[in-house]
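Read-outs throughout are calculated quantities, based only on the coordinates presented, and are distinct from any laboratory measurement. None of the values given here were measured: they were computed from a predicted structure. Positions of Cβ are generated from backbone atoms using ideal geometry, with glycine treated the same way; all protein chains shown enter the neighbour counts.
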Amino acid sequence: MLTSKRILLIIGGGIAAFKSLDLIRRLRDQGATVVPVLTRAAEEFVTPLSASALSAEKVYRDLFDLTDEAEMGHIELSRDADLLVVAPATADLMAKMSAGLANDLASTLLLATDKPVMIVPAMNVRMWEHPATQRNLAQLQADGIAVIGPDEGPMACGEFGPGRMAEVPEIVTAVTAALTDGPLKGKHIIVTSGPTHEPIDPVRYIANRSSGRQGAAIAAALRDLGADVTYVSGPAEVPPPAGVTVHMIETAREMLSAVKTALPADAAVFAAAVADWHVENASDSKIKKTIGGMPALEFAENPDILKTVSMLHDGRPDLVVGFAAETDDVIANATAKRARKGCDWILANDVSPETGIMGGSENKVSLVTSDGVEDWPRMGKDETARQLALRIAKALGI
Ligand code: C5P
């Protein structure tokens, strides 16, 4: 609930502005006070009267309004709220924010505030993908501004791709997460991450290219929503995030044992790239080069951690999420994997070398659930993690 929380909602001038009227209602349903600010362009899409009627508050529009300044100056207005939300955040507003311009009421409030700021971008797909917008986005994220969405799908302009404003319930969950103790407070979530190392002898092992970046980001995002996170990681490039319980392991068998020890949990996210096999005849001493050539390695199957936990009769987490790193037929394989492993969700991604996803900082995933397949736009692994954490919060009924 958002009782006694005050939100300054800056509505930018885009076709998605109509959704912001619904956002006002939904935030008020949660008990929040919503004070709307309309840019000039926003008034082409929604009227100040509808924003005022829905919010039951005065609507602010003009930097140089003498009455407004006498009642509450713009500096005070920018600091009176607990959170500033910009929805829709147009390409123009993002550019102004990233450059620190203050040439109208909205941009001035955003520059003058000392409160957290969240933006919900919405624009044409080409505008979103333009290097200038992506540069501004990176700057805003570096400045500590939370970014929600955008979603991918058909757009009002007839094109298809990332740029649609996030849906209202998702924005409400993000606002709630930002303004309350954390929707996952009191929930225990296990996250596996990184590669496994399967020894051949004391100095050699079989590994894979997983960096652990996505798993670490998921653990951090869940922690940020208040969850009590157990992070079970193989030898990853990326260090474990702060503020989580860490179990470092090497092999798949050790990973399973650490996961079992960490149960019970409300949810489990298996982001690790676990080796399917281990060397059954691994040597206790270093294998020497012999004239006979390379010794034959014998392999035995590793336990499937995701499947084992998904199939538990007693103590199965309410939500089990697996990953499917594929190079071909990504969705078909992920859908089959979801059924085979018995997990609730699969996050599928294409890890073909040309995507740069394996070991890179970006991800493009599809979420496969019992309701079907949702394609998420390509975004930073941190943002993918945040979106997933919000979805987990929603699935756990918060
Ligand atoms: O079967 P595959 O390795 O493609 O499945 C990928 C998913 O299963 C990932 O979520 C991974 O963490 C998990 N997995 C596991 N234990 C294994 C193999 C995979 O938990 N032995």
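A few points about this structure:
- Positive-pole candidate from Ile291, Thr261, Leu312, dipole of the stretch 248-317, charges at beta carbon: Ile291
- Neighbour-count ranking [beta-carbon atoms within 10 angstrom, fewest first] of Asp29, Asp266, Asp22: Asp29, Asp22, Asp266
- Whether the stretch 278-398 is rounded, prolate or oblate, judged on the alpha carbon gyration tensor where a/c under 1.5 counts as rounded: prolate
- Computed [θ] at 222 nm, helices only, for the chain once each DSSP H run of length n ≥ 4 contributes -39500 (n - 2.57): -10000 deg cm²/dmol
- Ranking of Tyr205, Tyr60, Tyr231 by neighbouring Cβ atoms within 10 Å, starting from the fewest: Tyr205, Tyr60, Tyr231.
- Shape of the stretch 73-196, Cα gyration tensor, a/c cut at 1.5: oblate
- Note on the chain: with charges restricted to the Cβ of Lys and Arg (+1) and Asp and Glu (-1), its dipole about the Cα centre is near 560 debye.
- Protection proxy ranking, peptides 269-278, 360-369, 239-248, average beta carbon neighbours within 10 Å, highest first: 269-278, 360-369, 239-248
- Each of Ile200, Gly380, Ile10 was scored by the projection of its Cα onto the charge dipole of the chain, and the greatest displacement toward the positive side belongs to Ile200; charges sit on the C-beta of Lys, Arg, Asp and Glu.
- Amide H contacts of Tyr205: Ile200, each under 5 Å away and 5 or more positions distant or on a separate chain (H built 1.01 Å from N in the peptide plane; Pro and chain starts excluded).
- The separation of the stretch 177-235 from the stretch 107-125, counted between C-alpha centres, amounts to 31 Å.
- Inter-label distance, nm, simple model (7 Å from Cα along the C-beta direction), Ile331/Glu354: 1.9 nm
- The stretch between Ser285 and Arg79, if pulled fully straight at 0.36 nm per residue, gains 67.6 nm over its current Cα-Cα span.
- This model, with +1 at the C-beta of Lys and Arg and -1 at the C-beta of Asp and Glu, gives the stretch 54-143 a dipole about its Cα centre of some 500 debye.
- Point-to-point label distance, Ala395-Phe299, nm (Cα→Cβ direction, 7 Å offset): 2.9 nm
- Placing unit charges on each Cβ (+1 for Lys and Arg, -1 for Asp and Glu) gives the stretch 49-194 a dipole about its Cα centre, and among Val191, Leu140, Met165 the Cα reaching farthest toward its positive end belongs to Val191.
- The mean sequence separation of alpha-carbon pairs under 8 Å and at least six residues apart, normalised by the residue count of the chain, gives a relative contact order of 12 percent.
- Dipole in debye (nearest 20) - the stretch 88-238, about Cα centre, beta carbon charges: Lys, Arg +1; Asp, Glu -1: 200 debye
- Taking 0.36 nm per residue of sequence separation and removing the Cα-Cα distance, the Thr261/Lys185 pair yields an extension gain of 25.2 nm.
- Spatial separation of Cα centroids for the stretch 20-35 and the stretch 346-398, in angstrom: 28 Å
- Gyration tensor (alpha-carbon) shape descriptor, the stretch 205-265, a/c threshold 1.5: oblate
- Relative contact order (%) - the stretch 286-376, alpha-carbon pairs under 8 angstrom, separation at least six: 21 percent
- Cβ-Cβ FRET estimate between Lys115 and Arg253, R0 fixed at 45 Å, reported to 0.05: 0.40
- Sorted peptide list for 66-78, 104-116, 326-338, criterion being average Cβ within 10 angstrom, highest first: 104-116, 326-338, 66-78
- Under the criterion of Cα pairs below 8 Å and six or more residues apart, the relative contact order for the stretch 200-254 equals 32 percent.
- Helices in the chain that qualify as membrane-span-like (whole DSSP H runs, Cα extent of at least 18 Å along the helix axis, mean Kyte-Doolittle hydropathy of -0.5 or higher) are 17-29.
- Put simply, the amide H of His247, placed in the peptide plane, has neighbours under 5 Å in Tyr231, Val232, Ser233, leaving out anything fewer than 5 places away on its chain.
- Computed packing ranks the peptides 134-142, 88-96 as 88-96, 134-142, most packed first, by mean other Cβ atoms within 10 Å.
- The simple spin-label model puts a point 7 Å past each Cα toward its Cβ; for Ser370 and Asn103 those points are separated by 5.4 nm.
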